[in-house]
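Asks: First the structure, which I've put down as structure tokens, then a few questions once you've had a look.
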Amino acid sequence: MSGGGTAGGNERQIAYWNEVAGPKWIRVQAAMESRLTAVEDRLLERAAPRAGERVLEVGCGTGTTTARLAGLVGEGGHVTAVDVSRPMLEAARARLAGLAQVTLMEADAAFATFAAPFDLVTSRFGVMFFEDPAAAFANLRASLVPGGRLVCAAWGPIADNPHWSVPLEITVARLGPPKPRRPHAPGPLAFADRDHARTVLTQAGFAEIAIEPERVMLSGRSLDDEAEMAGTMGPAGALIDEKEADAQTRAALRVAFREALPGYADADARLPATIHMITARNPA
Ligand SMILES: C[S@@+](CC[C@H](N)C(=O)[O-])C[C@H]1O[C@@H](n2cnc3c(N)ncnc32)[C@H](O)[C@@H]1O
């Protein structure tokens, strides 16, 4: 594991992913990994890593996508997986032990310098947390070979993601609205606006930019797990923390989330969602 790449600007998110979101993610890790599998399938289909390629994965988290990338590039290829969160990297390290073609790197991807250029830079939900996204993506572009590709998944608008909008509405009704945030602030919805995402990538020097909405079915493990997830992660989870809700309120909200779930999930806990598939190339 190497350090470096923390020139400044993303300290709040780095602290958040180490002290708050990382530990919470680990608590719901199995359910989280289940629900995001469909997004990983789409991402890998689009990124199409080939045997022998060199890949940079941004915000690798607990390393589920990393493991699949490693299998696809094979022993003749290489995956550098970068993240700022120690708890997430610890889980990734346990999962990826023994895979010689993977290097885990604890660093801020916005500022890190990488040893060799990559054929592909990819990420599932790990590129929405930069304070200065154009500068961060320019750094990522500089790590690509000429003509190298960028393929990242980010969340689409909250209105098209009822697994978040419904719990958020319930929480706002009980606890009040969140503090106002500036548009496109770092967070899961930073690239929910396609025009903004396109502007960021253009400023970063990318060519052949496309930001395509894709419908996916998240696969929750059970409706009970999803009720727990709604109160832990995502916008409702963040608002519950912001309001410092007590245990009784949290429990009451979980019951309300569970009651609302059949309105947008099927009995197998499959939940419709919209992601933005972001693709671009480093000019040749
Ligand atoms: C929503 S999680 C996604 C994790 C993983 N890609 C997955 O889909 O399971 C976002 C990840 O991005 C990481 N992250 C946030 N800001 C980062 C930065 N500036 N550089 C590298 N990783 C970052 C977080 O620590 C976290 O692990």
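Asks: Which of the trypsin sites (Lys or Arg not before Pro) found in segment 130-205 are loop residues per DSSP with 16 or fewer other Cβ atoms within 10 Å of their Cβ?
Replies: ARG181
Asks: What nm distance separates the two modelled labels at GLU19 and ASP224, each placed 7 Å from Cα along Cα→Cβ?
Replies: Distance between label points: 3.4 nm.
Asks: For the chain, what is the calculated [θ] at 222 nm in deg cm²/dmol (nearest 500), taking -39500 (n - 2.57) for each run of four or more DSSP H residues and dividing by its residue count?
Replies: Value at 222 nm, helices only, nearest 500: -12500 deg cm²/dmol.
Asks: Then there is this: I need the per residue convex hull volume for segment 239-284, using only the alpha carbons, in cubic angstrom as a whole number.
Replies: 138 Å³
Asks: Can I ask one more? Over all alpha-carbon pairs in segment 1-74, figure out the percentage whose distance exceeds 15 Å.
Replies: Tail fraction, whole percent: 65.
Asks: A further question follows. Tilt of helix 223-232 relative to the longest C-alpha principal axis of the chain, in degrees (0 to 90, nearest 10)?
Replies: 80 degrees
Asks: Binning at 10 Å from 0, report for the chain what percent of all alpha-carbon pair distances ends up in each bin.
Replies: Binned Cα distances yield the sequence 7, 29, 37, 21, 6, 0.
Asks: Looking at the chain, which longest stretch skips every one of the GluC sites (Glu not before Pro) that is in a DSSP loop with at most 12 other Cβ atoms within 10 Å, leaving the sites themselves out?
Replies: By the stated rule (loop sites, at most 12 other Cβ atoms within 10 Å), 76-243.
Asks: If you take every DSSP beta bridge fully contained in the chain, what fraction is antiparallel? Give it as a percent rounded to 5.
Replies: In the chain, DSSP labels about 45 percent of beta bridges as antiparallel.
Asks: Rank LEU104, ALA67, LEU120 by how far each Cα sits towards the positive end of the charge dipole of segment 59-125 (+1 on Lys, Arg Cβ; -1 on Asp, Glu Cβ) and give me just the farthest.
Replies: It is ALA67, whose Cα lies furthest towards the positive end.
Asks: Using only protein heavy atoms and a 1.4 Å probe, report how much of HIS78 is accessible, in Å² to the nearest 10.
Replies: Rounded to the nearest 10, the figure is 40 Å².
Asks: Now for a separate question. Please compute, for the alpha-carbon atoms of segment 19-124, the extent along each of the three principal axes and give them in descending order in Å.
Replies: Rounded to whole Å, the extents work out to 35, 29, 26 Å.
Asks: So what is the relative contact order of the chain, in percent, for Cα pairs below 8 Å that sit 6 or more residues apart?
Replies: With pairs under 8 Å counted, the relative contact order is 22 percent.
Asks: In segment 1-82, what trypsin sites (Lys or Arg not before Pro) fall in a loop by DSSP, with at most 15 other Cβ atoms inside 10 Å? Could you put the intermediate results ahead of the total?
Replies: Working: sites: ARG12, LYS24, ARG27, ARG35, ARG42, ARG46, ARG50, ARG54, ARG68; in loops: ARG50.
Of the trypsin sites (Lys or Arg not before Pro), the ones in loops of segment 1-82 whose Cβ has at most 15 other Cβ atoms within 10 Å are ARG50.
Asks: Here's a follow-up. Can you send over the carbon and sulfur percentage of the accessible area for segment 30-85, probe radius 1.4 Å, protein chains only?
Replies: Details: 850 of 1780 Å².
Carbon-and-sulfur percentage of accessible area, whole number: 48.
Asks: Name the most mobile residue of ALA81, ALA30, ALA204, meaning the one with the largest mean-square fluctuation, in a Gaussian network model of the chain with Cα contacts below 10 Å.
Replies: ALA30
Asks: Further question on the same structure: Calculate, for the chain, the solvent-accessible area per residue in square angstrom, rolling a 1.4 angstrom probe over the heavy atoms of the protein chains.
Replies: Working: 12210 Å² over 284 residues.
With the other protein chains kept in place, the chain gives 43 Å² per residue.
Asks: Within the accessible area of segment 129-270, what % is carbon and sulfur when the probe is 1.4 Å and the other protein chains stay in place?
Replies: Carbon and sulfur: 52 percent of the exposed surface of segment 129-270.
Asks: With charges only on Cβ, +1 for K and R and -1 for D and E, what is the dipole size of segment 77-177 about its Cα centre, in debye, rounded to 20?
Replies: 240 debye
Asks: Next question. What are the residues whose amide H is under 5 Å from the amide H of SER85, where those residues sit 5 or more places off or on another chain and H is modelled from the backbone?
Replies: Amide H neighbours of SER85, under 5 Å, 5+ apart: none.
The values are calculated or read from the model by the stated rules, or taken from the named source; none is laboratory data. Note that the coordinates shown come from a computational prediction; the quantities given were computed from them, not determined experimentally. All Cβ positions, glycine included, derive from the backbone under ideal geometry; neighbour counts span all protein chains shown. To get the accessible areas, we keep the full protein, side chains included, count just its heavy atoms, and leave off ligands, DNA and RNA. Shrake-Rupley method; radii C 1.70, N 1.55, O 1.52, S 1.80 Å.
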